[in-house]
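Here's the structure, in structure tokens; my notes come after.
The values are calculated or read from the model by the stated rules, or taken from the named source; none is laboratory data. Bear in mind the structure is a predicted one, so any value in this text is a computation, not a measurement. FYI the Cβ positions are ideal-geometry reconstructions off the backbone, even for glycines, and counts take in every protein chain you see. Each accessible area value is taken on the protein alone, full model and side chains, heavy atoms only, with ligands, DNA and RNA left out. Shrake-Rupley method; radii C 1.70, N 1.55, O 1.52, S 1.80 Å.
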Amino acid sequence: MLPVQEYIKHFKEIWESSPNHFPEFSKLYTEEEKRERETNYEHFQSKIKSLQNHNKVQQLRNDPGNSFFPMFKAFLETVFDFEKDHLKVILSEEFKDVSKDFFYKARAFGPELKPENIYQGMRNVWIMNGIQLMLNVPVRITPSVFAYSMIYPYSDNFLDDPEILAGEKEIFSRRFNRRLHGEEVNPASFTEEQLFKLVQMFEDEFPRKNFPEVYESLYAIQKGQTDSLKMAADNGLSDDRIVEICFEKGGASVLADGYLVAGKLTREQEQALFGYGVYLQLLDDIQDVKEDSLAFTKTIFSCLPEEDLGSFVNRTIHFGRVALEEMRCFEGAGNRDFIDLMNRSIETMVIESVGMNKKWYTADYLNKIEQYSPLHFEFVRQKRAQSKSQRFSMFQKYFNSARPENVPISF
């Protein structure tokens with residue numbers, strides 16, 4: 001079995017030794033620089049809005065290279081200060097077609113899914129594409145990349161639904177776990193039917209006899225998901241156990257990403273991916289602090305007293321910088337630019353998440369960290385709802401104009 005407990009112990013030690021003082025950032029933004037970037041943001045938003053008619057959506061769908069990517073490149077450069085070497089990775093030719101490919105396959109596999117569900121799965125596709133880059137393998141939608149990313153819209157949404165009783169979730173998890181272990185299980189619902197088809201895609205690409213670690217990684221994430229069901233506010237879990245469950249869930253998820261890309265990994269690569277997953281889980285906890293609190297779900301972040309939240313963010317950033325250094329064991333991530341890009345992207349999201357959840361932080365902390373945001377926090381809060389509705393409005397039209405659902409999925 002994969003040494004998941006060893007990886008949890010390793011990254012807990014890094015977490016516990018990570019300082020909670022305010023981290024150093026490479027760029028401090030003046031008021032004038034923020035206003036300049038906000039103007040650039042407004043220009044980009046206007047251009048996105050101009051695409052929201054049928055003809056423009058068709059143009060975007062048929063030729064994203066000329067219609068969208070140059071505009072997006074300018075946005076990342078002039079608003080978020082991504083460097084040209086970073087953008088070579090984000091906007092490489094390899095990345096330009098995978099999102100559209102996943103979208104069409106997802107539309108054909110799950111015509112009942114909403115655009116938000118497919119977008120949710122697409123986020124995992126991008127993580128797996130990054131792992132493909134690190135492993136120096138072609139960036140594309142393989143059967144397992146597709147199947148694992150589609151598990152999120154089905155399994156996670158079921159397990160995260162507060163309207164579904166905990167007992168139902170436990171029964172579902174046990175049945176899904178049996179199917180992951182190769183048992184013949186008759187689906188009891190449409191959700192299970194879809195999930196079992198996705199497991200079959202893993203089995204077709206990675207036969208169980210030849211790739212046992214692939215399935216051990218899937219068992220690990222399933223265990224992490226099941227353990228996370230214990231994270232209710234009245235569960236009596238110690239803070240130490242909460243840390244272990246959060247690390248297990250996040251680390252195992254990205255470890256499975258790696259195995260479903262490569263089939264085989266070294267011990268060093270396993271550990272590095274596990275740490276990357278822990279870092280992304282901490283980011284999720286920071287982003288979702290409001291939702292977790294309202295749902296009475298405990299995370300490392302949501303159960304802390306208010307005065308400690310800024311210290312938690314600081315510790316997360318210090319932890320992430322150490323954890324990402326372990327990614328250098330991958331040949332494709334050995335250069336400084338790749339690690340810088342990963343860290344810069346996550347830290348930008350962390351800072352923005354602080355601004356989006358201002359009630360959870362002290363005024364002093366908000367004022368201090370806002371200096372390192374390219375946009376005023378008030379501007380971010382105002383634009384987030386607008387940009388989200390615009391993004392999904394355009395995505396909805398793109399979704400509705402996609403090819404018919406009965407087109408067979410091919411890889």
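Points to keep in mind about this one:
- The single condition among (1) part of a loop (DSSP other than H, G, I, E, B); (2) open to solvent by 30 Å² or more (accessible area, probe 1.4 Å); (3) without any contact (Cβ under 8 Å) to a residue 60 or more places away in the chain that Leu113 does not meet is (2).
- Screening region 147-260 for helices (runs of 4 or more DSSP H) wholly inside it with 3 or more residues that are at pLDDT 90 or above and farther than 22 Å from Glu116 by Cα returns the ranges 166-180, 190-205, 212-228.
- Within region 329-351, the set of residues being free of Cβ contacts under 8 Å to residues at least 12 places away in the same chain and either under 17 Å from Ile131 (Cβ atoms) or in contact with a Lys or Arg (Cβ under 9 Å, 6 or more places away or on another chain) (or both) comprises Gly334, Asn335, Ser345.
- The single condition from (1) open to solvent by 60 Å² or more (accessible area, probe 1.4 Å); (2) in contact with a helix residue (DSSP H, G or I) (Cβ under 8 Å, 6 or more places away or on another chain); (3) under 22 Å from Val322 (Cα atoms) that Met1 fails is (3).
- For region 99-146, a residue qualifies if it is at pLDDT 90 or above and among the basic types (Lys, Arg), and the qualifying residues are Lys105, Arg140.
- Extreme residue, farthest from the chain's Cα centre (by Cα), among residues of region 214-223 that are over 24 Å from Gly110 (Cβ atoms) and open to solvent by less than 50 Å² (accessible area, probe 1.4 Å): Glu216
- Residue match in region 139-159 (condition: over 30 Å from Gln269 (Cα atoms) and hydroxyl-bearing (Ser, Thr, Tyr)): no
- Just one of the listed residues (Asn335, Asn357) is modelled with pLDDT of 85 or more and over 22 Å from Ala252 (Cβ atoms), namely Asn357.
- So Leu198, is it surrounded by 12 or more Cβ atoms within 10 Å (Cβ to Cβ) and aliphatic (A, V, I, L, M): yes
- Picking from residues in region 7-35 that are without any contact (Cβ under 8 Å) to a residue 24 or more places away in the chain and not basic (Lys, Arg), the one that is most open to solvent (accessible area, probe 1.4 Å) is Glu24.
- Restricted to region 249-274, and to residues there that are more than 15 Å from Leu324 (Cβ to Cβ) and of a type in the set (A, V, I, L, M, F, W, C), the residue that is surrounded by the fewest Cβ atoms within 10 Å (Cβ to Cβ) is Ala262.
- Of the criteria (1) open to solvent by less than 50 Å² (accessible area, probe 1.4 Å); (2) at pLDDT below 95, which one His318 fails: (2)
- Candidate set from region 159-195 (those that are open to solvent by 50 Å² or more (accessible area, probe 1.4 Å) and hydrophobic (A, V, I, L, M, F, W, C)); member that is nearest to Phe109 (Cα to Cα): Phe190
- Scanning region 373-393 for residues that are open to solvent by 20 Å² or more (accessible area, probe 1.4 Å), at pLDDT 55 or above and of a type in the set (Ser, Thr, Tyr) yields a single hit, Ser387.
- Selection status of Asp85, touching a residue at least 12 places away in the same chain (Cβ under 8 Å), touching a Lys or Arg at 6+ places or on another chain (Cβ under 8 Å) and open to solvent by 20 Å² or more (accessible area, probe 1.4 Å): no
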